[in-house]
Structure formats: structure tokens, C-alpha cells
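S.K.: Following this message is one structure expressed as C-alpha cells.
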Amino acid sequence: MMSVKEINPKETSRSSAFELWMKAPNPMVTFFKTYDVMPLIAASKNRDMKFNMLLDFCIGKAAASIKEFYLLPVGNKLMQYDKIAVNTIVANKEDEVSSCDIAYIDDLEQFNANYLKYTKEVHDTCSDHDLSDEYMVIGTSAIVNVELDGAVGMNSGIFNNPFIIWGKYRIENSKALLTISFQFHHTQMDGAHAGRFLKNLQEEIERMR
């Protein structure tokens, strides 16, 4: 049974947004927010789990309760999904990068096991692990060797998925500060929905304490 279907925008809460933004020259919006990720650093050490995996899990959980994340403009259509995945970029064995989608599930241990399995597979084979036909995928990219004040993704007109970028966290006193950028298509959600996601993400990071 397919987990994605085309829907009539006029029968959704995104009807006006679809009319306004689908043909806009730049329908993408980017928000920046700085988080204290010390809870993730502690959880990474205490649970022997990767920092980026923990952040990916928090991203998936923060998005899962917001219905707009299950919609996505694709081409000139509005598609509805019933599952979410988080994409991570993997440095493969040829010192290039490959793409890996991890299905979000509300079970940290199983999410971690899947993350380790598929990122290793992608590293070894240099082939992408792609779930995009079945899942609404949240893209991520971690530039871990440099602190970033912000980053804006491109508006390709092809990939309209929400996208999150972060760099290296910086230590200030008892905090580990990490600035993320969150880019989204205005047809998919409004600023209020994006703000709720960013607030949810903050709460999920705090729950890792």
C-alpha cells in the first residue's frame, strides 16, 4: 500500500498558500536558530551514540506531530505522505559524499540501529539509500569542521523538501551553542508552523538530558 498520494490543494488548509507560492520565483523561506546542544553531547557520551544521529532523531520527533510536514509540493502537485524520514549526508569510502534516508520511528534504540546500518551500507557501497518515493524526507547537512553563523540552501525548483544545515558547535561557559538553518517551501507551511517545529526541536533536545 503506497504511503503517498496526490491531493487536491483546495481541500486542504494549504489552498491559499498553494495558489500564492507554487509559481513564486523564490518560494523557499529560511529561519535561523541557535540551540544549546549540551544535552546531546552528554547523551552521546553516556549512551555511546553519535551526536548527529541524536540530532536527526530529535528533528524527526519534532516534525512528527506537525501535520504540515506530511505535505509536500512536488512538481505542480501537492502530495500527502503518512511517513517521515530524515536524510543525512555520509562521507563514503571514496572520500566523496552520498545520501542516506533514515525512516523516523519513535524508538531511539531502533532508530540508532537503523542509522548505523544504513550509513555504513552507504559508506561501503558509495550508493545512496533513498526512501523519497515513500516518505516525506527532511534533508540535513552537517558541516562539522567549521562553525557557521548561518547557511541558506538553494531554490532548485526540483527538490522542495525542508532542509536543515548546521556546522560545528561552539563552547561558551557551560553551553554548547549550535546554530541551525531551517529552509522550507512556503506552500508546505507558514512561519508559525516552522516556529512550532523549532520550538519542538528545542524541547526534544532538552529531553535528552
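S.K.: Report the residue count in segment 22-51 for those that are in contact (Cβ under 8 Å) with a residue 24 or more places away in the chain and of a type in the set (S, T, N, Q).
M.R.: Looking only at that region, the number is 3.
S.K.: How many of the residues making up segment 160-203 are without any contact (Cβ under 8 Å) to a residue 24 or more places away in the chain and not in a helix (DSSP H, G or I)?
M.R.: Of the residues in segment 160-203, the ones without any contact (Cβ under 8 Å) to a residue 24 or more places away in the chain are 170-173, 192, 199.
Within this subset, residues satisfying the condition of being not in a helix (DSSP H, G or I) are 170-173.
Final tally of qualifying residues: 4.
S.K.: Could you check how many residues of segment 128-138 are open to solvent by less than 60 Å² (accessible area, probe 1.4 Å) and of a type outside the set (Ser, Thr, Tyr)?
M.R.: Pass one, segment 128-138, residues open to solvent by less than 60 Å² (accessible area, probe 1.4 Å): 129, 131-132, 135-138.
If we keep only those that are of a type outside the set (Ser, Thr, Tyr) too, we end up with 129, 131, 136-138.
The total comes to 5.
S.K.: So, residue 44, is that one over 22 Å from residue 154 (Cβ atoms), at pLDDT below 95 and surrounded by 13 or more Cβ atoms within 10 Å (Cβ to Cβ) or not? Can you show your working first?
M.R.: Working: over 22 Å from residue 154 (Cβ atoms): yes; at pLDDT below 95: no; surrounded by 13 or more Cβ atoms within 10 Å (Cβ to Cβ): yes.
Against the criterion (over 22 Å from residue 154 (Cβ atoms), at pLDDT below 95 and surrounded by 13 or more Cβ atoms within 10 Å (Cβ to Cβ)), residue 44 does not qualify.
S.K.: In segment 149-191, how many residues are basic (Lys, Arg) and in contact with a Leu (Cβ under 7 Å, 6 or more places away or on another chain)? So that I can check it myself, show each step before the final result.
M.R.: Looking only at segment 149-191, we keep the residues that are basic (Lys, Arg), and these are 168, 170, 175.
Now drop any that are not in contact with a Leu (Cβ under 7 Å, 6 or more places away or on another chain), which leaves 170.
Qualifying residue count for the region: 1.
S.K.: For residue 79, state whether it is open to solvent by 20 Å² or more (accessible area, probe 1.4 Å), within 28 Å of residue 12 (Cα to Cα) and more than 16 Å from the chain's Cα centre (by Cα). Lay out the reasoning, then the answer.
M.R.: Values: open to solvent by 20 Å² or more (accessible area, probe 1.4 Å): yes; within 28 Å of residue 12 (Cα to Cα): yes; more than 16 Å from the chain's Cα centre (by Cα): yes.
The answer is yes for residue 79.
S.K.: Identify all residues within segment 157-209 that are surrounded by fewer than 21 Cβ atoms within 10 Å (Cβ to Cβ), among the hydrophobic types (A, V, I, L, M, F, W, C), out of contact with any strand residue (DSSP E or B) (no Cβ under 7 Å at 6 or more places or on another chain) and more than 26 Å from residue 132 (Cα to Cα); write none if there are none.
M.R.: Residue satisfying the conditions is 171 alone.
S.K.: State all residues of segment 107-127 that are of a type outside the set (A, V, I, L, M, F, W, C) and open to solvent by 40 Å² or more (accessible area, probe 1.4 Å); if no residue qualifies, say none.
M.R.: From segment 107-127, those of a type outside the set (A, V, I, L, M, F, W, C) are 107, 109-110, 112, 114-115, 117-121, 123-125, 127; that's our starting set.
Residues satisfying the conditions are 107, 109, 110, 117, 118, 120, 121, 123, 124, 125, 127.
S.K.: Quick check on my filter: what residues within segment 139-156 are of a type in the set (Ser, Thr, Tyr) and exposed (fewer than 14 other Cβ atoms within 10 Å of the Cβ)? Steps first, answer last, please.
M.R.: Of all residues in segment 139-156, those of a type in the set (Ser, Thr, Tyr) come to 140-141, 156.
Matches in segment 139-156: 156 only.
S.K.: Can you tell me which of (1) within 19 Å of the chain's Cα centre (by Cα); (2) of a type in the set (A, V, I, L, M, F, W, C); (3) at pLDDT below 95 is the one residue 2 doesn't meet?
M.R.: The one condition residue 2 does not meet is (1).
The values are calculated or read from the model by the stated rules, or taken from the named source; none is laboratory data. Just so we're clear, the structure is a prediction, and the values are computed from it rather than from any experiment. Positions of Cβ are backbone-derived with ideal geometry, glycine not excepted, and every protein chain shown enters the neighbour counts. Note: areas computed on protein heavy atoms with side chains; ligands, DNA, RNA excluded. Shrake-Rupley method; radii C 1.70, N 1.55, O 1.52, S 1.80 Å.
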